[in-house]
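Here's the structure, in structure tokens; my notes come after.
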Amino acid sequence: MNRDISSLRENYSKDILDTSTVNANPFVQFKEWLYKALDEGLPEPTAFILSTVNQDGMPSGRTILLKEIWDDAFVFFTNYESHKAQDIMHNSHVAATFLWLGLERQIRIKANVKKVSREVTDAYFESRPRGSKLGAWASPQSQLISSREALDQRLKDVESRFEEVEDIPTPEFWGGYAMYPTEIEFWQGRRDRLHDRILYSKEKDNWLINRMAP
């Protein structure tokens with residue numbers, strides 16, 4: 001069954017965005033928008049699409065969760081043997097896209113990525129629920145597995161291994177990345193597709209702010 005989707009569209013009118021009113025610091029502006037999404041109760045407001053490129057030039061995107069905001073970087077955690085980590089090893093340039101449709105807003109980020117220290121990784125891993133810690137040990141992320149049952153068995157094996165362990169250690173193959181932006185674009189939906197786009201561009205230690213055509 002085919003359905004016509006060509007005429008589907010929304011006219012956005014919830015807010016406006018201008019270079020005269022945004023914060024001079026894009027990280028402060030980012031927090032303002034993120035906290036608004038949190039206050040509005042939007043689902044998974046820290047979720048974003050991380051896009052990477054592998055050694056063959058093939059792009060790939062997936063949804064992950066933002067876990068920390070530093071003064072100069074955005075931090076996420078993952079398996080260092082995953083596809084995204086392998087891509088980053090060959091090409092440290094990434095893109096991140098946050099979308100909050102409930103606020104008619106989007107943020108696009110271009111960044112360079114570096115691993116965080118083991119101290120930062122261990123501190124975050126310690127804060128995770130026990131089930132999430134066990135899951136990190138059990139999942140051979142991005143590898144092919146024979147069945148769901150095989151994954152469940154891996155979890156059971158890990159649960160047995162750490163049954164008597166109160167403080168589950170961080171796996172050596174698991175840790176964090178910090179994304180250091182070179183560009184951050186804030187997008188506010190407007191009527192008739194004439195959206196507001198404000199671009200922050202990093203120039204040495206300063207951020208240049210410009211408006212872009214929609």
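Values in this text are rule-based calculations from the coordinates and carry no lab data. Everything quoted here is computed from the prediction, not taken from an experiment. Glycine also receives a Cβ, built like all others from the backbone with ideal geometry; neighbour counts cover every protein chain displayed.
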query = When only residues in region 32-74 that are in a helix (DSSP H, G or I) and of a type in the set (Phe, Trp, Tyr) count, which is farthest from Thr182 (Cα to Cα)?
reply = Tyr35
query = Do we find that Phe125 is of a type in the set (Phe, Trp, Tyr) and under 13 Å from the mean Cα position of the chain (by Cα) in this structure?
reply = no
task = Return yes or no: is Ile88 closer than 28 Å to Pro26 by Cα and either part of a strand (DSSP E or B) or of a type in the set (Phe, Trp, Tyr) (or both)?
result = no
query = Of all residues in region 13-30, which are among the polar types (S, T, N, Q), within 19 Å of Glu104 (Cα to Cα) and touching a residue at least 60 places away in the same chain (Cβ under 8 Å)?
reply = Ser13, Thr19, Gln29
message = If a residue counts only when it is in contact with a strand residue (DSSP E or B) (Cβ under 7 Å, 6 or more places away or on another chain), which helices (runs of 4 or more DSSP H) contained entirely in region 115-214 have at least 2 such residues?
response = 118-127
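Would you confirm whether any residue within region 59-71 is of a type in the set (Phe, Trp, Tyr) and either within 27 Å of Tyr200 (Cα to Cα) or surrounded by fewer than 18 Cβ atoms within 10 Å (Cβ to Cβ) (or both)?
yes
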message = I'm trying to understand the selection: among the residues of region 99-114, which are within 15 Å of Leu38 (Cα to Cα) and either exposed (fewer than 14 other Cβ atoms within 10 Å of the Cβ) or not aliphatic (A, V, I, L, M) (or both)?
response = Trp100, Leu101, Gly102, Glu104, Arg105, Gln106
task = Examine region 115-134 for a residue that is free of Cβ contacts under 8 Å to residues at least 60 places away in the same chain, of a type in the set (D, E, K, R), surrounded by fewer than 18 Cβ atoms within 10 Å (Cβ to Cβ) and touching a Lys or Arg at 6+ places or on another chain (Cβ under 9 Å), and state whether such a residue exists.
result = yes
ask   = Checking Asn23 against (1) in a loop (DSSP other than H, G, I, E, B); (2) in contact with a Gly (Cβ under 7 Å, 6 or more places away or on another chain), which test does it fail?
value = (2)
